[in-house]
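Take this structure first; my questions come after.
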């Protein structure tokens, strides 16, 4: 590894750690500012003081949240390193995300249990989006202002305007309630993935279709296209081997960002279809005031976004080796 690559790797690693630290710290601060006691939320109003005290001690809730605290009665108080914030990061460095307040299970185990379902859904939605957007975008771009182009524009506009919380219930009503082809909710059978994947993939395919169309139209006007045609290459080879490859570079940007969104868990879609991924897990943590669970899921989401962007950078290099990322 040469000096340039080592410096570039160090910069990216530093940015990676800084983003994770900042995001999780902000979430921790917001959680601590939310009024209410997790012990009461978990045990209920009928819990005895002894039960509440035991719960708080088990989950370190008897410690202060940060390095210092300030109240109207006690004023400013400095707590040093004996606080939940430091304890949490010490656990993270050891691979321990804490114990769930609600289930008394390790947060790591709960995330590992749910994350494969989110990965499965994200990849299925990505497959749906790519399968629709690339053929339709290429057809629209190579037949500008035609009936196909107008249909592609209409499809893209509808996909962008209709959010997931509209498409999802509509698909459930048509294919689950009326036609009874699929089950309305759940993630227990292979066919259960079809409706949520289409719901997630529809909006993404609409965005990608417009981008593929624009990229194809722009690339068709380049000099290398005229040269390829002059050499006698078929239009299919010109479009799919040369034009599409060069035109995919801006599309990859959207794919990389959206892959991060999908892998992080499309919360609304998972909730609509009761898909047991980390999106619904995050909602469960918020509803039960399970601070450790929320922190753990947010940490995983942060890492997912960064890894997705890093993957996008690698695809950039493959599509165009002339690109050099600083």
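The values are calculated or read from the model by the stated rules, or taken from the named source; none is laboratory data. Here the structure is a predicted model, which is why all the values come from computation and not from measurement. Backbone-built Cβ (ideal geometry, glycine too); neighbour counts: all protein chains shown.
Could you give every pair whose Cβ atoms fall below 9 Å, whose first residue belongs to region 1-16 and is surrounded by fewer than 10 Cβ atoms within 10 Å (Cβ to Cβ), and whose second residue is at pLDDT 85 or above and in a helix (DSSP H, G or I), counting only separations of at least 6 or pairs across chains?
Cβ pairs passing all conditions: none.
Here are some conditions: (1) over 27 Å from residue 253 (Cβ atoms); (2) part of a helix (DSSP H, G or I); (3) at pLDDT below 90. Residue 114 meets all but one. Which one does it not meet?
Tallying (1) over 27 Å from residue 253 (Cβ atoms); (2) part of a helix (DSSP H, G or I); (3) at pLDDT below 90, residue 114 fails exactly one: (3).
Here's a follow-up. Among the residues of region 132-146, which ones are in a helix (DSSP H, G or I) and free of Cβ contacts under 8 Å to residues at least 12 places away in the same chain? Walk me through it before giving the result.
Keep residues of region 132-146 that are in a helix (DSSP H, G or I), which gives 132-142.
Result: 135, single match.
Another question about this same structure. Checking residue 274 against (1) under 22 Å from residue 163 (Cα atoms); (2) part of a helix (DSSP H, G or I); (3) at pLDDT 80 or above: exactly one of these is not met. Which one?
The failed condition is (2).
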